[in-house]
Every structure is written in C-alpha cells, then in structure tokens.
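The values are calculated or read from the model by the stated rules, or taken from the named source; none is laboratory data. In this text, all values refer to a predicted model and were calculated from it rather than measured experimentally. Here Cβ is always computed from backbone atoms with ideal geometry, including for glycine, and neighbour counts include all displayed protein chains. Ligands, DNA and RNA are stripped out before the accessible areas are found, and what is left, the full protein with its side chains, is counted by its heavy atoms. Shrake-Rupley method; radii C 1.70, N 1.55, O 1.52, S 1.80 Å.
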Amino acid sequence: ENLECVASLLEQGLLPAEIVFVDNGSTDGSLALVRARFPGLTFVENRANLGFGEASNQGARLALERGADAVYFANNDTTLEPGALDRLALELEREPRLGIVGPRVLYKTPNGVVWCAGGMMTWRQNLSTLLGHREPDGAAWRERRTVDYVVGCALLARRAALEEIGLFDARYFAYMEDVDLGLRAKRAGWDVVVLGEVCAWHTSAGATGGGYNPRRKYMMGVNSVWFLREHGGPLQWFSFLAFDVASLPFVWLVAVLRGEAGAVLAKGKGILDGFRGRRVT
C-alpha cells in the first residue's frame, strides 16, 4: 500500500522531494522498501507510533516551512485518479474562502462502492455520519457539496486556513481529528467542500484493523467524549447520551447475534474512559 500511495502521488506531478513520508514507528520493514523504491522523498522516521494527528502534523509543518500554499494529507492506503490533485488545487484557487477540500472516496474493494463523500454532524451515534457510506457510486456523489468535514485520508488544506486554525489536534491520536479540524475551519469562516467529480480510493481503517472491531470502537468512544468537551453544548450532549450511550445495551444484543459483542463493549469502555479523563495512546 505504501508503494501504491507514493506512486499515485508522483503521478499527480509532484516532485519526490515535495512528498513527506512519515513513518510512524513501523517494525515490519516497510520503511526500507519505500526508501529503496523512492529514495528522493523527504522522510520523517518516528521511533514510536505518535498517532495519525501528530504524524500528519509533522509532514504539514515541513511543507509549510518550505512555502507550500496548500498541504495534501494522504493515508498510506489511498490512491488518487490521474489529475485529481490539480483539480482540488484549482478549486482552492477559484474560491478564496475555501479552506479545506477533498475528493469523493471509494472503497478499493468492492469496486464502485462509496466509502464517503465528506461527513456531516448528527450528534447521535458516533456524533457524525459519512455521506454516501456503502452506497453505489453514481451521479449523486459526483457533485460539489458543502460538508462539515473532509476525511483525513484524502484532504487538501489551504495554508492560510491552517495558519489561522492550527493543524490536527494530536491529542485524539486516532479518529475524530479530521472532524475537529473541519468544525474549527467552519467556525473560523472557512468553507469545507467535497469535490465529488474527483475520486480517491481507500482501504477503510486498514491501519486499525478495519470494520467493526474493538480497538477501533474503543478509540472512537474515548474521542467522542473529548470531542463533545471541545465542541458540544447541552443539546449535543443530550443527543449523544440519548442516541448513542443509552442505545448501547440494545446495540449489544444485536451484536451478540452477529458475533460483534466485543466491539460494543469496547466502545462502552471507551466512553467511560473518556469521562474518566483518559486519552487514546
């Protein structure tokens, strides 16, 4: 996946030195493979896993120090269609108050299925929803739409916006930091948009096991509480407690039949740990 991702970025017309490859404490030999295949990249090698937010920020800081007008954040399990980055950058040039823009994102497999076309806040289960999630790709998802946030796996941010609102909040470690970034941008008066005519492909949650698994649900539970502390008012807290927390016993019963009860219990523990003041590490 690393090699495919870097090759995709180079095909967009980027120079190798313009790509910052952040290795987040990997131990599987993948960094050596990338160095051998693409020696001209800029490499940041962390001795430990610092989380998605801080690793992304490391790359962004280097790009901004070098004078970049915009920073593209890419998960290592994403690829872009030809010309995608130019079309996203052109959208920033056309709209001076556009702070964050991203493509519609499809699953790598199965083909032709939407992973998301941006996200919107619901303040209910998981606090937000991915637009188009698991729906067939089609004209409805290829439109330009204003959203609450662009997912962090494929996100282009304007320099001026990042300088005003800051980078990802690294305290989340994994999950919710892209939602937080989008809301901070919108509250500062920046537009956040998904340009649906542009396409990326993504292996959903590949870094954390994917799907409905305990580790992923635990992290989301913890970070939902911290996110509400930052962005929620009384109504948002009530909605979360009523629709997410109070529903957990019923969700658990259904999950037992599907063999997924452990993930529901992990989410509940995560919510409890969030209230206790614990963070994801």
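A few remarks follow.
- Near pairs, Cβ below 8 angstrom, 6+ apart or cross-chain, from region 124-147 (touching a residue at least 60 places away in the same chain (Cβ under 8 Å)) to any residue that is in a loop (DSSP other than H, G, I, E, B) and buried (at least 19 other Cβ atoms within 10 Å of the Cβ): LEU127/MET176; LEU131/ALA117; LEU131/GLY118; LEU131/VAL147
- In region 256-281, the residues that are outside any loop (DSSP other than H, G, I, E, B), at pLDDT 90 or above and hydrophobic (A, V, I, L, M, F, W, C): VAL256, ALA261, ALA263, VAL264, LEU265, ALA266, ILE271, LEU272, PHE275
- Of the numbered criteria (1) of a type outside the set (S, T, N, Q); (2) in contact with a helix residue (DSSP H, G or I) (Cβ under 7 Å, 6 or more places away or on another chain); (3) closer than 26 Å to MET219 by Cβ; (4) open to solvent by 40 Å² or more (accessible area, probe 1.4 Å), the one ASP69 fails is (3).
- Breaking point among (1) in a loop (DSSP other than H, G, I, E, B); (2) modelled with pLDDT of 95 or more, for ALA157: (1)
- Here GLU18 meets each of (1) within 22 Å of ASP178 (Cα to Cα); (2) open to solvent by 70 Å² or more (accessible area, probe 1.4 Å) with one exception, condition (1).
- Of all residues in region 107-116 being in a strand (DSSP E or B) and either open to solvent by 80 Å² or more (accessible area, probe 1.4 Å) or out of contact with any Asp or Glu (no Cβ under 6 Å at 6 or more places or on another chain) (or both), the one that is farthest from ALA160 (Cα to Cα): VAL113
- Residue check for PHE173: within 23 Å of ARG278 (Cβ to Cβ), in contact (Cβ under 8 Å) with a residue 60 or more places away in the chain and open to solvent by less than 10 Å² (accessible area, probe 1.4 Å): no
- Screening VAL20 on (1) more than 18 Å from ARG158 (Cα to Cα); (2) in contact with a helix residue (DSSP H, G or I) (Cβ under 6 Å, 6 or more places away or on another chain) shows it passes everything except condition (1).
- Comparison of GLY132, GLY166, GLY138 shows that the only residue that is open to solvent by 10 Å² or more (accessible area, probe 1.4 Å) and farther than 27 Å from LEU62 by Cα is GLY138.
- Criterion: closer than 24 Å to GLY53 by Cα and not in a helix (DSSP H, G or I) - qualifying residue of GLY189, GLY196, GLY182: GLY189
- ARG37 meets each of the listed conditions (1) closer than 23 Å to LYS108 by Cβ; (2) of a type outside the set (Val, Ile, Thr); (3) touching a strand residue (DSSP E or B) at 6+ places or on another chain (Cβ under 6 Å) apart from (3).
- On inspection, PHE238 qualifies as in a helix (DSSP H, G or I) and open to solvent by 20 Å² or more (accessible area, probe 1.4 Å).
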